[in-house]
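The values are calculated or read from the model by the stated rules, or taken from the named source; none is laboratory data. All of these numbers come straight from a predicted model, not from anything done at the bench. All Cβ positions, even for glycine, are placed from backbone atoms using ideal geometry, and neighbour counts span all protein chains on display. The accessibility values were calculated without ligands, DNA or RNA, using every heavy atom of the protein model including side chains. Shrake-Rupley method; radii C 1.70, N 1.55, O 1.52, S 1.80 Å.
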Amino acid sequence: MIVLFRSVRNFFSLVRFSHTVFAMPFALIGFSIAVSDTDSDLSIRMLVLVILCMIFARNAAMGFNRIADKDYDALNPRTRKREIPSGIISARAAAVFVIINAALFIVTTGFINRLTLFLSPVALLVIFGYSLTKRFTSLCHFVLGLGLSLAPIGAYISVTGKFSILPLIYSFIVLTWVSGFDIIYALQDDEFDKSNQLHSLPSATGRKRALTISILVHLITFILVLLAGFYGKSGLFFWLGATLFTLLLVYQH
C-alpha cells in the first residue's frame, strides 16, 4: 500500500497535479456560460464529465511534455531533479501514463456528445504539439495559450453541442493571458535555450523586448475582458473580478 501511494504521488508530481486547480476555472467558465445561455438545469453528471475531461487532458499533455523534454531537463540545473531525468519515473512508465489519460479523455468526451468526441483528437493534437514547438519557433508561448484556451469553448460545447461568441471571447482571454505569462516564465531559461538551440521570445529578442511583448499581449487580454463584460451584459460581480484580475496583471509586470 505504501509503495502504491508513493507511485501515485510520484505521477501526481510528474504532471504537477496540484496546479490543476489553476486551470479548472477555464473549463468552469465555459460550463457556467452554457448553463446560463440555455436556461437548463445544472447537470452534476455533465459537470463531472467536463472536470474529468480537463484532468485527463492536462495529465496527458503534462506527461507528454515531460517525456519530450527529458533530455533537456537532464541538462538544465533548474529541471534536472524532475521525475524522469532523476530516475524516479521511467520514460516508458510515463508513456503508459500518457496513453491511459489520452484514452480516458477520448472515452469521456464520448459520454458527452458526438461533437466533443469528434473534436477530442484535435484537442490532443494541439496540447501535445506544444511540447515540440520550442524546437522550431519562438511563438511556442502562444501554442501553450492555445492549448489552454480550448477549455472554455470545449466546456460550452459539452453542454450545448454548438459554438457561441461569448465563450470564444473567454478562450481568447485565456490564450493571451497564458501566452503573456509564459513569456515571463521563459525568462528563467533564456540562456539555456540559446545554448541548446531551443526557441523562446526571451532567447530570440532579449529580455527587455520579451517583457514589452508580454505587456502588449496582456493589454489585449485586458481589452478582451472588457469586451466579454459588455457583450455578456455582466453584473457587479464580474466587474469586481475583472478589476482584481487587471490589478494582478499589473502587479505581475
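Okay, here's what the table says:
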item: Solvent exposure, largest accessible area first (probe 1.4 Å, DNA, RNA and ligands not counted), of HIS19, HIS218; result: HIS19, HIS218
item: Three-way shape call for the range 210-253 based on the alpha-carbon gyration tensor, with the a/c threshold at 1.5; result: oblate
item: MET62 accessible area, 1.4 Å probe, all protein chains in place, Å² to nearest 10; result: 40 Å²
item: Backbone HN-Hα couplings from phi across the range 241-253 [Karplus 6.51/-1.76/1.60, Hz, Gly and Pro as x]; result: x, 5, 5, 4, 4, 5, 4, 5, 4, 4, 4, 4, 6
item: Segment VAL107-ALA242, extension gain: residue separation times 0.36 nm, minus the distance between their alpha carbons; result: 45.1 nm
item: CD proxy at 222 nm, helix term only [per DSSP H run n ≥ 4: -39500 (n - 2.57); per residue of the chain; nearest 500]; result: -26000 deg cm²/dmol
item: Answer label for volume of the Cα convex hull per residue in Å³ (calculated), chosen among (i) 116; (ii) 156; (iii) 137; result: (iii)
item: Trypsin sites (Lys or Arg not before Pro) restricted to the range 163-253 and DSSP loop, no more than 14 other C-beta within 10 Å; result: LYS233
item: Backbone HN-Hα couplings from phi across the range 70-75 [Karplus 6.51/-1.76/1.60, Hz, Gly and Pro as x]; result: 4, 5, 5, 4, 5, 8
item: Alpha-carbon centroid distance for the pair the range 37-116 / the range 195-216, whole angstrom; result: 28 Å
item: D (Stokes-Einstein, µm²/s), Kirkwood Cα radius, the range 1-147, 0.692 mPa s at 37 °C; result: 198 µm²/s
item: Low-density loop positions, trypsin sites (Lys or Arg not before Pro), the range 67-134 - DSSP coil, at most 12 other Cβ in 10 Å; result: ARG78, ARG80, LYS81
item: Cβ charges +1 (Lys, Arg) and -1 (Asp, Glu), total dipole of the chain, debye; result: 500 debye
item: Sparse-neighbourhood loop sites, chymotrypsin sites (Phe, Trp or Tyr not before Pro) in the range 60-123 - DSSP loop, at most 16 other Cβ within 10 angstrom; result: PHE111
item: 3J(HN,Hα) from dihedral phi, the range 179-186, Karplus parametrisation 6.51/-1.76/1.60, rounded to Hz, x for glycine, proline; result: 4, x, 5, 5, 4, 5, 4, 6
item: Under 14 Å, Cβ to Cβ, from ALA94 - net charge with Lys/Arg +1 and Asp/Glu -1; result: +1
item: Normalised contact order of the chain, rounded percent, pairs of Cα under 8 Å and 6 or more residues apart; result: 19 percent
item: For the range 126-253: rounded, prolate or oblate by the Cα gyration tensor [a/c cutoff 1.5]; result: oblate
item: Surface per residue (accessible, 1.4 Å probe) for the chain, Å²; result: 55 Å²
